[in-house]
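The values are calculated or read from the model by the stated rules, or taken from the named source; none is laboratory data. Please read all numbers here as calculations on a predicted model, not as lab measurements. Counting neighbours? That spans all protein chains shown, and the Cβs are built from the backbone with ideal geometry, glycine included.
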Amino acid sequence: MGAAVKFLIVYASTEGQTNKIAKFMAGLLTNSGHQVRFHNVGDVSDGLTITDYDHVIVAGSVHSGKHQPDLQLFVYANRERLNKLPSLLVSVSLAAAFPDTQSEAQGYVDTFLETTEWQPTHTLLTAGAIKPGIYDWFQKSALLEGDLAAHFDEDLSDTREFTDWDALKQKTVEITTS
């Protein structure tokens, strides 16, 4: 193992899956001897300065075709420094779960990067989860009638996780060498 790297993991999570993904990555990095600061962009920064870190991982989920506004604002505000660091964007969406919707998932990333003027050294499309127990009527209806409806049954009673943890682990290891 090489020298410890100081990682900043910045994330925004709506239903909790992106939080789980970011914590998984933080655990992998910490267990490999790296220093990790874990930060939800929705929280006050408490003196967060990107210049204190060697690598940055930004993770956000997609809802209604967009990443969270707080995440977009954070990246845009820090784009100059982010563009100088080894970095990874983890885009979490259900569209990333299925071969026929991968281009849609990539479109979310392309729009995010164009809007924020950020050019990460790595990107990863990763699938999220459906958590029907926390959805209201409108959210369930949107899921069953939207672009991904063909991939779900009408029951939607159980949480279904689509995240590829092995691919996430591989990409986490990969960024430590960049």
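Please work out if ILE134 is buried (at least 18 other Cβ atoms within 10 Å of the Cβ) and either touching a strand residue (DSSP E or B) at 6+ places or on another chain (Cβ under 8 Å) or modelled with pLDDT under 95 (or both). Judged against the criteria, ILE134 is not a match.
Reported count of residues in the range 60-115, each being farther than 21 Å from ALA127 by Cα and either out of contact with any strand residue (DSSP E or B) (no Cβ under 9 Å at 6 or more places or on another chain) or in a helix (DSSP H, G or I) (or both), is 13. Only one entry of THR49, THR14 meets the criterion of being among the polar types (S, T, N, Q) and exposed (fewer than 14 other Cβ atoms within 10 Å of the Cβ), and that entry is THR49. Of the residues making up the range 1-56, those that are outside any helix (DSSP H, G or I) and hydroxyl-bearing (Ser, Thr, Tyr) are TYR11, SER13, THR14, SER32, SER45, THR49, TYR53.
All conditions but one from (1) under 12 Å from the mean Cα position of the chain (by Cα); (2) surrounded by fewer than 22 Cβ atoms within 10 Å (Cβ to Cβ); (3) more than 18 Å from THR115 (Cβ to Cβ) apply to SER32; the one that does not is (1).
Evaluated against (1) out of contact with any Leu (no Cβ under 9 Å at 6 or more places or on another chain); (2) at negative phi, GLY33 falls short on exactly one condition, (2).
Enumerate the pairs (first residue in the range 159-170 and more than 19 Å from VAL58 (Cα to Cα) and touching a residue at least 12 places away in the same chain (Cβ under 8 Å); second residue anywhere and among the small types (Gly, Ala, Ser) and loosely packed, with under 13 Cβ neighbours inside 10 Å) with beta-carbon separation below 9 Å, excluding pairs fewer than 6 apart on the same chain, so at least 6 apart or on different chains. The qualifying pairs are THR159/GLY133.
Taken as a whole, the structure leaves ALA142 outside the set of residues that are aliphatic (A, V, I, L, M) and at pLDDT 85 or above. When the range 42-78 is filtered for residues that are within 13 Å of the chain's Cα centre (by Cα) and farther than 17 Å from TYR108 by Cβ, the ones remaining, listed by number, are VAL56, ILE57.
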